[in-house]
Amino acid sequence: MTEVISEELPITRQKPFDPPAEVTEIREKARISRLRFTDGHLGWLVTGHHQVREVLGSPKFSNDPRKHHLLDKRFQGDVPDDPEARKPQPGLFLSQDPPDHTRLRKMLQGQFTVRRMNQLSEWIGTIVDDQLKHVRSLNGKADLVTEFALPVPSLVICALLGVDYDERHRFQEDTATLLRLGSSFEEVRAALERIQGFMRELITRKKANPGDDMISDLLATGEPTDEEASNMAMLLLLAGHETTANMLGLGTFTLLRHPDQLKILKDEPESIDNAVEELMRYLSIVHFGPVRTAVEDVEIDGHLIKAGDTVLLHLPAANRDPDKFAGDPDELDLRRPASGHVAFGHGIHQCLGQQLARIEMRIGFSKLFQEFPDLRLDVAPEEVPLRADMGIYGVHSLPVAWSA
Amino acid sequence: MRISVDQSKCCGSGMCVLTDPDLFDQSEEDGTVVLLQEHPDAAHEATAKEAASLCPASAITIS
Ligand code: HEM
Ligand code: SF4
């Protein structure tokens, strides 16, 4: 077997909804290939669906950032070589391994169950209705991202956490800095410090004055330290709004560009559950990644991955793998069985907020197209600014119009 | 067919409940899986298998 080696990760998307063509070519040559990291390390690029699941599901891989080789000098060029500078903060369980990960995630799991999230449907419906009323007041034209796609999940996660939505200016810009691929290490550190300051204030306030929210409930358990609690709250706040917002924005753009598919959604409202899964599969908004590092030698699909090797799991490529998705996986097909996609990841770090995100998307897309059946793009599709520069892909803005 | 679940592996993703709420539930306290039917009837065999294959933590086994 000749090995496929990439000296650099292709990140330029030729088409707005597809992974880079070079990544697709690599997948068709080798579901597991080699990828050069910034320090010269020859790691791995995994693009096959089955193989991505196998790595993410294996306890032989770590997500501790100190263990990872740095991916790419185009956007991590100034991150210090000293791994200790990348030590995960206590409570940021996405970047931790068991047993810390297990202990911290367990404190929150009960708050994100399918049943709990289903109980929020009606309330989320009201938030969406109110936001659509606001859009309606804008006289036939709007940027759907600022007026709908970003506010809905932000309002939801703020209310769930007990964060005052009016204080969103204190974290929205800093969140963008964290997600921007070109941000310097210093900028990221400063942004993190500001958000952490905001979260520490929140914890102090909730301790003095508990409310009916997830953070107060978390504190009431007495389990996390204050520092853990504030970082857990930060993780939920960050992961909870930008992701769903970009699925709503990019998903709407996608549906407007696939009128035959949008028609299915309009004619058969009950198709929404599968439509959301298919949009997640088709778009997998995690731009590229995540990464993991092997902690012992492990064989995956006939390749020996050595302890210390860093592996990039390319979710967008895996979600288009013809070995998993029958027919033409590069076509959006709202009737296709899309379950089993890896847009929420796989393994112990699989998205904690996935059931919330699903409900926000189901209600968000359904009500948007019920309320605005003639919604259309208000610019040429090539003019929609894509988030090619962000770790979470999507659209920066989506100018739309309707008959007022 | 027999379903078994391993709570110590479960990460509370809810995928099983989403796949078949007749077979699986999640604990209110820490979101881990609660098995509702150990021996699913014929009508639930396919979803039982699907839940086992979707589970991100390999916490569901079918025998
Ligand atoms: C469409 C929306 C969303 C997408 C595409 C998404 C995607 C993901 C992915 C791929 C991961 C795994 C990352 C990895 O393995 O390295 C993840 C983890 C996570 N997500 Fe989401 N997410 C979404 C919405 C949400 C929401 C609404 C919340 C919270 C309220 C949330 C909270 C989290 C948390 C806390 C983790 C870390 C879990 C862990 O490490 O155990 N996400 N998400
Ligand atoms: S699918 Fe697996 S990890 Fe998720 S709740 Fe069910 S048993 Fe637990």
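Would region A:256-273 turn up any residue that is touching a Gly at 6+ places or on another chain (Cβ under 6 Å) and assigned to a helix (DSSP H, G or I)?
no
Which of the residues belonging to region A:139-157 are free of Cβ contacts under 8 Å to residues at least 40 places away in the same chain and either touching a strand residue (DSSP E or B) at 6+ places or on another chain (Cβ under 6 Å) or within 13 Å of ligand 1 (Cβ to nearest atom) (or both)?
A:L155
Considering only residues that are within 13 Å of ligand 2 (Cβ to nearest atom) and acidic (D, E), look in region B:1-27 and name the one that is least open to solvent (accessible area, probe 1.4 Å).
Applying the filter and picking the extreme gives B:D20.
Let's see how each residue does on (1) in contact (Cβ under 8 Å) with a residue 24 or more places away in the chain; (2) within 13 Å of chain A (Cβ to nearest Cβ); (3) away from ligand 1 (no atom under 16 Å from the Cβ):
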| residue | (1), (2), (3) |
| --- | --- |
| B:I3 | yes, no, yes |
| B:C11 | yes, yes, no |
| B:D20 | yes, yes, yes |
| B:L23 | yes, yes, yes |
| B:S27 | no, yes, yes |
| B:L35 | yes, no, yes |
| B:E38 | yes, no, yes |
| B:A46 | no, yes, yes |
| B:A57 | yes, yes, no |
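For region A:43-80, what are the residues that are free of Cβ contacts under 8 Å to residues at least 60 places away in the same chain and either of a type in the set (G, A, S) or on the phi > 0 side of the Ramachandran plot (or both)?
Result: A:G77, single match.
Considering only region A:130-239, give the helices (runs of 4 or more DSSP H) lying wholly within it that have at least 2 residues that are touching a helix residue (DSSP H, G or I) at 6+ places or on another chain (Cβ under 6 Å) and farther than 30 Å from A:I363 by Cα.
By residue number, A:185-208.
With in contact with a Leu (Cβ under 6 Å, 6 or more places away or on another chain), open to solvent by 30 Å² or more (accessible area, probe 1.4 Å) and either part of a loop (DSSP other than H, G, I, E, B) or away from chain B (no Cβ under 14 Å) (or both) as the only criterion, which of A:R34, A:R66, A:R74, A:R13 stands out?
On the way: A:R66 fails: in contact with a Leu (Cβ under 6 Å, 6 or more places away or on another chain); A:R74 fails: in contact with a Leu (Cβ under 6 Å, 6 or more places away or on another chain); A:R13 fails: in contact with a Leu (Cβ under 6 Å, 6 or more places away or on another chain).
Sole residue among the options that is in contact with a Leu (Cβ under 6 Å, 6 or more places away or on another chain), open to solvent by 30 Å² or more (accessible area, probe 1.4 Å) and either part of a loop (DSSP other than H, G, I, E, B) or away from chain B (no Cβ under 14 Å) (or both): A:R34.
List the residue pairs whose Cβ atoms are under 9 Å apart, where the first residue sits in region A:114-127 and is open to solvent by 30 Å² or more (accessible area, probe 1.4 Å), the second is of a type in the set (K, R), and the two are 6 or more positions apart or on different chains.
A:S121/A:R362
Go through region A:77-87 residue by residue and tally those that are over 23 Å from the mean Cα position of the chain (by Cα), more than 22 Å from A:M390 (Cα to Cα) and outside any helix (DSSP H, G or I).
Total satisfying the criteria: 2.
Give A:D130, A:D100 a once-over and let me know the one that is open to solvent by 50 Å² or more (accessible area, probe 1.4 Å), without any contact (Cβ under 8 Å) to a residue 12 or more places away in the chain and more than 14 Å from chain B (Cβ to nearest Cβ).
On the way: A:D100 fails: more than 14 Å from chain B (Cβ to nearest Cβ).
That would be A:D130, the only listed residue that is open to solvent by 50 Å² or more (accessible area, probe 1.4 Å), without any contact (Cβ under 8 Å) to a residue 12 or more places away in the chain and more than 14 Å from chain B (Cβ to nearest Cβ).
Would you check if there is a residue in region B:55-62 being touching a His at 6+ places or on another chain (Cβ under 7 Å) and within 7 Å of ligand 2 (Cβ to nearest atom)?
Yes, that holds for at least one residue.
Can you name every residue in region A:245-273 that is within 19 Å of the chain's Cα centre (by Cα) and without any contact (Cβ under 8 Å) to a residue 12 or more places away in the chain?
Listed by number, the list is empty, since nothing qualifies.
Would you point out which residue out of A:D213, A:D217 is more than 16 Å from ligand 2 (Cβ to nearest atom) and either open to solvent by 30 Å² or more (accessible area, probe 1.4 Å) or within 15 Å of the chain's Cα centre (by Cα) (or both)?
Criteria check complete, one pass: A:D217.
What pairs can you find where one residue is in region A:21-34 and in contact (Cβ under 8 Å) with a residue 40 or more places away in the chain, the other is open to solvent by 40 Å² or more (accessible area, probe 1.4 Å) and part of a helix (DSSP H, G or I), and their Cβ atoms are less than 8 Å apart, with a gap of 6+ or different chains?
A:R31/A:H50
Is it the case that region B:40-58 has a residue that's touching a Lys or Arg at 6+ places or on another chain (Cβ under 7 Å), loosely packed, with under 14 Cβ neighbours inside 10 Å and more than 26 Å from A:L108 (Cα to Cα)? Steps first, please.
Taking region B:40-58 first, the residues touching a Lys or Arg at 6+ places or on another chain (Cβ under 7 Å) are B:57-58.
Those still in the list that are loosely packed, with under 14 Cβ neighbours inside 10 Å too: none.
No: zero hits.
With respect to B:K49, is the statement that it is within 11 Å of ligand 2 (Cβ to nearest atom) and basic (K, R) true?
no
With the checklist (1) open to solvent by less than 60 Å² (accessible area, probe 1.4 Å); (2) within 14 Å of another protein chain (Cβ to nearest Cβ) in hand, flag the one item A:V156 doesn't pass.
Just one mismatch for A:V156, condition (2).
The values are calculated or read from the model by the stated rules, or taken from the named source; none is laboratory data. As the structure is a prediction and not an experimental result, all values here were calculated from the model. All Cβ positions, glycine included, derive from the backbone under ideal geometry; neighbour counts span all protein chains shown. For accessibility, only protein heavy atoms count, side chains too; no ligands or nucleic acids. Shrake-Rupley method; radii C 1.70, N 1.55, O 1.52, S 1.80 Å.
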